[in-house]
Amino acid sequence: MGEPSQDSLDKMWKFAKGFAEKSGTTFHPTPAVTEAVVKGLAMHVEELGKPLCPCNFYKDKQAEAKLRRWICACDEMQIYKYCHCLLFVREDGMPITEYLPEGHEGREVYGVITDPTPDKGRALRHKAAQPEAAAPANQDDQRKP
Ligand code: SF4
């Protein structure tokens with residue numbers, strides 16, 4: 001695997017810093033984690049023209065890059081504020097999982113990790129999977145004193 005150009009690296013660092021700020025997340029306390037993900041994103045910018053998430057396996061990268069879902073910041077980040085690459089995390093290095101649907105791999109691996117800045121990020125929160133609708137409230141009960 002080659003090295004991305006300084007130009008692509010600079011572009012992705014700028015994006016990552018800006019998105020962390022906007023989403024109320026921080027970089028991992030181990031700088032090598034962040035550096036590896038930013039480098040992977042920069043490699044994809046050069047290879048595909050888009051910052052496809054570097055932490056997944058794709059059968060067809062070109063086809064995947066045409067879809068929006070794994071272009072950084074991916075759908076999971078924009079909807080649930082969860083970054084499985086650990087690029088956008090809390091100050092303690094943990095990924096935010098509290099908004100993920102139950103049964104999601106992130107919840108299985110990390111448990112419930114709360115969001116310290118719930119007022120920031122999740123631009124696509126309206127797309128979050130809705131939990132099973134609760135049984136409708138009994139109207140009669142509501143009318144009782
Ligand atoms: S998981 Fe999403 S937000 Fe995190 S690096 Fe990959 S594409 Fe970006």
Original post:
Taking the Cα-to-Cβ direction at residue 110 and at residue 21 and moving 7 Å from each Cα, how far apart do the two end points lie in nm?
Top reply: 2.3 nm
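How much length is gained on full extension from residue 58 to residue 127, taking 0.36 nm per residue of separation minus their Cα-Cα distance? Show your work: numbers first, answer last.
Details: separation 69, 0.36 × 69 = 24.84 nm, distance 2.35 nm.
22.5 nm is the gain from fully extending residue 58 to residue 127.
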Original post:
So for the chain, Kirkwood radius off the Cα pairs, Stokes-Einstein at 10 °C and 1.306 mPa s: how many µm² s⁻¹?
Top reply: 95 µm²/s
Original post:
Among 57-64, 94-101, 83-90, what's the highest-first ranking by average C-beta atoms within 10 angstrom per residue?
Top reply: 83-90, 94-101, 57-64
**OP:** Output the lone cysteines of the chain: those with no second cysteine's C-beta under 4.7 Å from their C-beta.
**Re:** 53, 72, 74, 83
**OP:** Just order 9-17, 45-53 by mean Cβ neighbour count inside 10 Å, highest at the front, would you?
**Re:** 45-53, 9-17
Subject >> Reach of residue 50 by Cα under 19 Å, taken over lysines that are not fewer than 8 positions away in the same chain >> reply: 11, 14, 17, 39, 59, 61, 66
**OP:** Would you please classify the overall shape of the range 1-44 from the alpha carbon gyration tensor, given that a ≥ b ≥ c denote the square roots of the eigenvalues, rounded means a/c under 1.5, and beyond that prolate means a/b larger than b/c while oblate covers the rest?
**Re:** oblate
Original post:
Given the Cα-Cα distance of residue 6 and residue 35 and 0.36 nm per residue of separation, how much length would full extension add, in nm?
Top reply: 9.1 nm
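Only the coordinates and a few stated rules stand behind these numbers; no lab work does. This structure is a prediction, so every number in the text was calculated from the model and none was measured. A quick note on method: Cβ atoms are made from the backbone with ideal geometry, for glycine too, and the neighbour counts reach across all protein chains shown.
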